[in-house]
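K.L.:
The structure follows.
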Amino acid sequence: MRILSETSYAPDPDFAAAANGKAELFEQADADFEGFWADQARERITWAKPFTQTLDWSNAPFAKWFADGQLNVAHNCVDRHVEAGNGERVAIHFEGDQGDTRTITYADLQREVSKTANALQELGINKGDRVAIYMPMIPETIFTMLACARLGAPHSVIFGGFSADALHTRIVDADASVVVTTDGQWRRGKPAPLKAAVDESLTKGDHPVKHVLVVQRTKGEVAWNDDLDLWWHDVVDRQSDEHTAEPMDAEHPLFILYTSGTTGKPKGILHTSGGYLTQAAYTNSIVHDVHPETDVYWCTADVGWVTGHSYIVYGPLANGATQVLYEGTPDTPHQGRWWEIVQKYGVTILYTAPTAIRTFMKWGNDIPAKFDLSSIRLLGSVGEPINPEAWRWYRENIGGGKAPIVDTWWQTETGGIMISPLPGLTTLEPGSAQRPIPGIAAEILDDMGEPFTEPEKVGYLVLTKPWPAMLRTIWGDDQRYRDTYWSRFGEKYYFAGDGAKYDADGNIWLLGRVDDVMNVSGHRLSTAEIESALVSHESVAEAAVVGATDETTGQAVCAFVILREGFEDDGDDTVQELRNHVAKEIGPIAKPRQILVVPELPKTRSGKIMRRLLKDVAENREVGDVTTLADSSVMNLIKDGMAKG
Ligand code: ATP
Ligand code: MG
């Protein structure tokens, strides 16, 4: 199969001179794997009690990192920066949906987190108790997460777009005795209820909740239950702003987080303290290249996803970075809102998802062109493979044609970035996440479980060594942990569930979920590559490809496309042209049997395309579980289009 990218981009020497990610890191990690991670943990983290043992893998696949050490995660993210004299540095530039703003220094953060920790303690939360957090992107969400970390009370953040049912399952699964929420959340300039979903979830059956702590955000009307409900301003505001953080064991649970549910029932991923924080801080430093004294960093993910946990809360705050926190959507009140924010705060590092980039492409180049984006020096991407076309658009239109882009592959389960270029060091190959970062080991296996390095052959991505931020188990289900990740290729390999291949230069290309890799007349085709071919056509903004059962070819390629603004659906002509375009870009074997122009694609609430639902449509089946879908009406539009087409 032909590689879609024709150009690679050599690192800029000026960038390289100041970059945190140095070539020596690879040498050090190769020479002494455990010593390398021990160094990272000692350099980047403040330990209340130093560790003497690095990795304990004797009970594989259950790992322990830095097990006899002790630390407090919140102390590392907040207090130590104040103690080091950086209390006046801005931690968070908060930008509200309504244009309201708040500047929070590290000293402010210390006071707010201390008050919140005192309040939670008053509500009976002690070390080991679980707290559910169901909140929008506001500072109180971060205060609550850090207050939990401070108390050693694992949090379970549930994305604010989830329904009452999803909330109930997660509250019960984690046995959370306190839920922190808001009266409502701002969405596209309008208030939408939020607490109502918590109220409803508590009617869905037995529950462990003793208190619901409610931040007043939209001042909308809320139902009130005197037995459970408490206002944040009544309970938190009157607390002392001092709180002593107690050291926790390195393996003390930090949080539970459910995966996005792209492929099936979400899994409650458990992360612990010392290893997780080490890798979050390390990757934010060498991959995002954060220089805390000078950078303004902005990760646009929601804190409800792992990207928000590792790269809004724990990584950047452990590093003492200054960042932007934005509550609203990209198109409210106008489609240039993000770029206006970049200009306003002088954002230097922007980390976002391909789905957002493709949306901006669809809206047109003239929108970002109206703003001064010259402060940007580094761009990042996460969540899905980024099509080379979208990569180039991002670099040209947002990165001034020169900012390096780090395409970071990782998962909720990995806790931190695993495969990514290092800015200033790696010659960038658009569309490929390239190489494991220093300290991480990955391989690609064939059907027999044998590693290979042959270019262009499609296989399974596995991780071959434990890593500090790895999940420790699936909450309450050790067996599912073994079955899901450590059985497909035996206990030697962590099975990531993603298809992958090497190119001739040894770069790793992620090809979509293993379940999404198609077999057409005996050829293994990747959804990601055909999607990239479609997106490289001038008329296509987004594409989703699935393999549908076909009597003659085994599977046939079915494509769903969204057109860019200014392009019309000319029926058969459009379809023919796109089919020929794929044949030219990849080969005749990859030509879609069917192409359907659609107004929207089904996406999870984290913005990922849910191919299994499209596969149901392509195979004329009843559409499966849609509970993790962001907008369930999308599927009806697509089914109607299918019936007509
Ligand atoms: P579930 O496991 O419940 O199906 P999910 O896998 O979508 O949900 P996440 O942990 O949020 O949940 O996403 C991790 C997955 O996202 C990876 O396994 C991979 O498929 C995809 N991914 C993330 N970053 C990249 C990237 N840079 N390139 C390619 N794929 C990526
Ligand atoms: Mg997954």
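K.L.:
Could you please state, rounded to a whole Å, how far the C-alpha centre of the range 420-494 is from the C-alpha centre of the range 332-369?
P.N.:
When both Cα centres are located, 32 Å separates them.
K.L.:
What figure in square angstrom, to the nearest 10, would you give for the accessible area of Thr427 with a 1.4 Å probe?
P.N.:
Result for Thr427: roughly 70 Å² accessible.
K.L.:
Find the Rg to Rh ratio for the chain, where Rh is the Kirkwood radius over alpha-carbon pairs and Rg uses the same atoms. Intermediate results must be reported in sequence, preceding the final value.
P.N.:
Values: Rg = 23.8 Å, Rh = 25.2 Å.
With Rh from the inverse mean 1/r over Cα pairs, Rg/Rh is 0.95.
K.L.:
Follow-up. Taking a ≥ b ≥ c as the square roots of the Cα gyration tensor eigenvalues, with a/c under 1.5 meaning rounded and otherwise prolate when a/b beats b/c, else oblate, which class fits the range 521-643? Intermediate values should be presented prior to the final figure.
P.N.:
On the way: a/c = 1.63, a/b = 1.19, b/c = 1.38.
Cα axes put the range 521-643 in the oblate bin.
K.L.:
Work from the charge dipole of the chain (Cβ charges, +1 for Lys and Arg, -1 for Asp and Glu, about the Cα centre) and give the residue of Ser273, Asn636, Met145 farthest towards its positive end.
P.N.:
My answer, from the dipole projection, is Asn636.
K.L.:
Please get the size of the charge dipole for the range 154-312, origin at its Cα centre, with Cβ charges of +1 on Lys and Arg and -1 on Asp and Glu, quoted in debye to the nearest 20.
P.N.:
On the way: 12 positive and 22 negative charges, 150 e Å.
The dipole magnitude comes to about 720 debye.
K.L.:
How large is the dipole of the chain about the Cα centre if only Lys and Arg carry +1 and Asp and Glu carry -1, each at its Cβ, rounded to the nearest 20 debye? Show your work: numbers first, answer last.
P.N.:
On the way: 60 positive and 92 negative charges, 46 e Å.
Dipole magnitude for the chain comes out near 220 debye.
K.L.:
Quick check: at a probe of 1.4 Å, how many percent of the accessible area of the chain sits on carbon and sulfur atoms? Walk me through the numbers before you get to the answer.
P.N.:
Numbers: 10860 of 23420 Å².
Looking at the chain in its full context, I get 46 percent from C and S.
K.L.:
How far is helix 354-363 tilted, in degrees, relative to the longest principal axis of the Cα atoms in the chain, given as a value from 0 to 90 rounded to the nearest 10?
P.N.:
70
K.L.:
For the range 327-389, calculate the relative contact order in percent as a whole number, restricting contacts to Cα pairs under 8 Å that are 6 or more residues apart. Walk me through the numbers before you get to the answer.
P.N.:
Values: 56 pairs, mean separation 27.6, N = 63.
Once normalised by length, the contact order is 44 percent.
K.L.:
Given an 8 Å cut-off on Cα distances and at least 6 residues of separation, report the relative contact order of the chain as a percent. Write down the numbers at each step before the final one.
P.N.:
Numbers: 1404 pairs, mean separation 83.0, N = 645.
Once normalised by length, the contact order is 13 percent.
K.L.:
Taking a probe of 1.4 Å, how large is the accessible area per residue of the chain, in Å²? Walk me through the numbers on the way to the answer.
P.N.:
Values: 23420 Å² over 645 residues.
Ligands and nucleic acids excluded, the result is 36 Å² per residue.
K.L.:
How large is the charge dipole for the range 600-645, taken about the Cα centre, if only the Cβ atoms of Lys, Arg (+1) and Asp, Glu (-1) carry charge, to the nearest 20 debye?
P.N.:
Working: 9 positive and 7 negative charges, 39 e Å.
Dipole about the Cα centre, nearest 20: 180 debye.
K.L.:
Enumerate the calculated ³J(HN,Hα) couplings along the range 384-394 in order (Karplus 6.51 cos²θ - 1.76 cosθ + 1.60, θ = phi - 60°), each rounded to whole Hz, writing x wherever the residue is Gly or Pro.
P.N.:
8, x, 9, 5, x, 4, 5, 4, 5, 4, 4
K.L.:
Using θ = phi - 60° and the Karplus form 6.51 cos²θ - 1.76 cosθ + 1.60, what ³J(HN,Hα) does each residue of the range 85-92 get, whole Hz, x for Gly and Pro?
P.N.:
Running phi through 6.51 cos²θ - 1.76 cosθ + 1.60 with θ = phi - 60° gives x, 9, x, 8, 5, 6, 8, 9 Hz.
K.L.:
Which value at 222 nm does the chain reach when only helices count, each DSSP H run of 4 or more adding -39,500 (n - 2.57), with the total divided by all residues and rounded to the nearest 500 deg cm²/dmol? Please report the intermediate quantities before stating the final value.
P.N.:
On the way: 19 runs with 179 residues, N = 645.
Mean residue ellipticity, 222 nm, calculated: -8000 deg cm²/dmol.
K.L.:
At 1.4 Å probe size, with no ligands or nucleic acids counted, give the accessible surface of Ser156 in Å², nearest ten.
P.N.:
0
K.L.:
Two-decimal Rg/Rh of the range 285-407 from alpha-carbon positions, Kirkwood Rh? Please list the in-between numbers first.
P.N.:
Details: Rg = 13.3 Å, Rh = 14.4 Å.
With Rg and the Kirkwood Rh in hand, the quotient comes to 0.92.
K.L.:
When only Cα pairs under 8 Å and 6 or more residues apart are kept, what is the percent relative contact order across the range 395-474? Write out the running numbers ahead of the final one.
P.N.:
Numbers: 106 pairs, mean separation 18.9, N = 80.
It comes to 24 percent, rounded to a whole number.
K.L.:
Where does each of Arg42, Arg358 land when they are ordered by accessible area, with a 1.4 Å probe and the largest first?
P.N.:
From most exposed to least exposed: Arg42, Arg358.
K.L.:
Along the positive direction of the dipole of the chain (beta-carbon charges: Lys, Arg +1; Asp, Glu -1; about the Cα centre), which of Trp409, Trp186, Cys299 reaches farthest?
P.N.:
Trp186
K.L.:
Another question, then. Search the structure for amide H atoms under 5 Å from the amide H of Leu254, placed 1.01 Å from N in the peptide plane, and list their residues when 5 or more places away or on another chain.
P.N.:
The list, which skips near neighbours in sequence, is His271, Thr272, Ser273.
The values are calculated or read from the model by the stated rules, or taken from the named source; none is laboratory data. On a predicted model such as this, the values are computed, not experimentally measured, just so you know. Cβ sites come from the backbone with ideal geometry, for glycine too, and all protein chains shown count toward neighbours. Please note that ligands, DNA and RNA were not included when accessible areas were found on the heavy atoms of the full protein model with its side chains. Shrake-Rupley method; radii C 1.70, N 1.55, O 1.52, S 1.80 Å.
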